[in-house]
Every structure is written in structure tokens, then in C-alpha cells.
1. Looking at (1) of a type in the set (D, E); (2) touching a residue at least 40 places away in the same chain (Cβ under 8 Å); (3) over 22 Å from R96 (Cα atoms), which is the only condition E239 fails?
2. Looking only at segment 129-186, which residues are without any contact (Cβ under 8 Å) to a residue 12 or more places away in the chain and among the hydrophobic types (A, V, I, L, M, F, W, C)?
3. Take L106 and tell me if it is in contact with a Leu (Cβ under 7 Å, 6 or more places away or on another chain), over 27 Å from G128 (Cα atoms) and part of a loop (DSSP other than H, G, I, E, B).
4. From L69, L95, which residue is touching a residue at least 40 places away in the same chain (Cβ under 8 Å), among the hydrophobic types (A, V, I, L, M, F, W, C), closer than 30 Å to L218 by Cβ and in a strand (DSSP E or B)?
5. Can you say whether N215 is without any contact (Cβ under 8 Å) to a residue 12 or more places away in the chain and either over 23 Å from R11 (Cα atoms) or out of contact with any helix residue (DSSP H, G or I) (no Cβ under 8 Å at 6 or more places or on another chain) (or both), as far as the supplied structure shows?
6. What about F169, is it of a type in the set (F, W, Y) and within 20 Å of the chain's Cα centre (by Cα)?
7. Would you say T74 is of a type in the set (V, I, T), farther than 22 Å from V232 by Cβ and loosely packed, with under 15 Cβ neighbours inside 10 Å?
8. Please find, among S201, S165, the residue that is surrounded by fewer than 19 Cβ atoms within 10 Å (Cβ to Cβ), polar (S, T, N, Q) and not in a loop (DSSP other than H, G, I, E, B).
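Any read-out appearing in this document is the output of simple, stated calculations on the displayed coordinates, not a laboratory observation. These figures come from a predicted structure and were not determined experimentally. Backbone-built Cβ (ideal geometry, glycine too); neighbour counts: all protein chains shown.
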Amino acid sequence: MKIGTTSFGFRYAFLDPKNSPTLATMIRQARETGIERLQICENVRPLEVSRQEWQEAIRCANDLGVELLLGCKTLKAENVERFIGLAQELRCDQLRIVTEEPDENLHGTRENVSRLLEAVVPKIQSAGLRLAIENHFDISSTLLVELAAAYPADLVGFCVDTANSLRSFEPTSEVLRLLRERAFCYHLKDYRVVGSMISFSVVGTPLGEGDLDLNACLRSIFEKKPVPPLFVETWTPSENNRAQDMARDGEWLRKSVVNLRAILNNHV
């Protein structure tokens, strides 16, 4: 099956807008690691990319056989509407969303997320898309299930991330149990918990090399058919050196793809 990644697999390349590579460059680098799907998310500032660069990216993706998908992070309906238009141009079948608003006093509360869904879901439906809400830091998986239940299961579902909800003390197994029935895609992200019960931190690792029980995750994922798209994602630590950080991003992505491909052979 196809293995994907997100633009967060190239986290450090896009931190500085003035030095960021083109989308086509990222697509070529992703394909070189064995990636066949690429979810382009908010870290590359998709709405600020010129039409010419998008056209180049689409040609590059078509030539290399890379499927493009789109992700955004917002609680503003007007921003979602702009992403819906871009998703239609890219011929996506879904839009992934993180229901948080960067750098503003607007948070992922029940009221704010509910208000956003009421405003944008009809537009998502009219555009022929599905909305994949990602479990993230500000909102529990239980609440996501409650909010999504108001809408058809083939229209509003989840982008299930295996590590994001650790910040809310939700184990990966519980996140999968709660969100699997409406999963539209998965972000497979590995980690290690370092320290003790009194003081601990969560750090990233290449997929298959940390505390995530990847085999158990895949067994759960593969119990439901058809299997949604799988995206490798990493939390790569910074060495405060852009060249070294970018090189490690690439190394972890390659390792993660190899490790996932090897384990998938036992599940497909």
C-alpha cells in the first residue's frame, strides 16, 4: 500500500519563509524516500504560495506519481473556505484540519469548534470533500467524537495521530479505540517517554524505534476496511543548526518509511 508523509516531515526546511524550498523540491525529496502521498500542511503556509509555484508542484507530483492532500490549522471559517478552494484545485478528496488558531486568543473549546463545524461542514459537503479533524493538544478525543456525531460519518471524521494526545494523557490505544470508526487518515508518529512519573518528557524517534506499539496500532487500523491513508510523521529534535536539523529530518523520514514498509508486509 502507499505510504505517505506530511510537510512536517520537512519541519526545519520551512521554519524560515525566506529560506524555504519550493513545494516541488519537497515533493521530489519525499518521493526519493519512497513516499507516494504528501499531505501539505500549515507549516509550509499553503495560502501564501504563489499560483505559479502551486502549478509547478502539481506538475511535479503528477510526473512522480505523488498524491497531494491538504491540511490546515484554524478556527476561522473564512480560512477554511480558502483551504476548501485550494483543495478543490488540487483535486483532493478530504481536508485535514487542526482546530486551533495560531497566535491568537481563540482556543479549541467545545463552543468554538462546534461553531466552526456548523459554519464549514455544509461548504465541505458542497465542495465534494470530507473533513478530517486531527486529534491535537487542546481538545480531547472524547469531545471530538461527540462533536463529529452530529454529522454523517462519511462527511466528518478524523485524522488520527498516534502521539498528539499524549499531552492530554490519552494513551494511543484509547485514541485509536475512540476515533477509529471515523478515521479518514492516520499520522503514525513514534516517541519515547523519558523520566519518571514525577517529571517526564515525550521526545520523538523514527517510526518503529520508540515506545509506540506499531504492530498493535496497525492491527487495530487494519481491522477496519478499507484502510485509510497512512502518513509517517516525526518529532525531530533541533540541534539549533538548520543544515543539521534538515539532514536529521530526512534521515528520520527514510528510516520511518523503511521500518513501516517492513512491518506492513506482515499486515497487508
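1. Unmet condition: (2).
2. A149, F169, listed by residue number.
3. Judged against the criteria, L106 is a match.
4. Of L69, L95, the one residue that is touching a residue at least 40 places away in the same chain (Cβ under 8 Å), among the hydrophobic types (A, V, I, L, M, F, W, C), closer than 30 Å to L218 by Cβ and in a strand (DSSP E or B) is L69.
5. Against the criterion (without any contact (Cβ under 8 Å) to a residue 12 or more places away in the chain and either over 23 Å from R11 (Cα atoms) or out of contact with any helix residue (DSSP H, G or I) (no Cβ under 8 Å at 6 or more places or on another chain) (or both)), N215 does not qualify.
6. yes
7. No.
8. Matching residue, one of S201, S165: S201.
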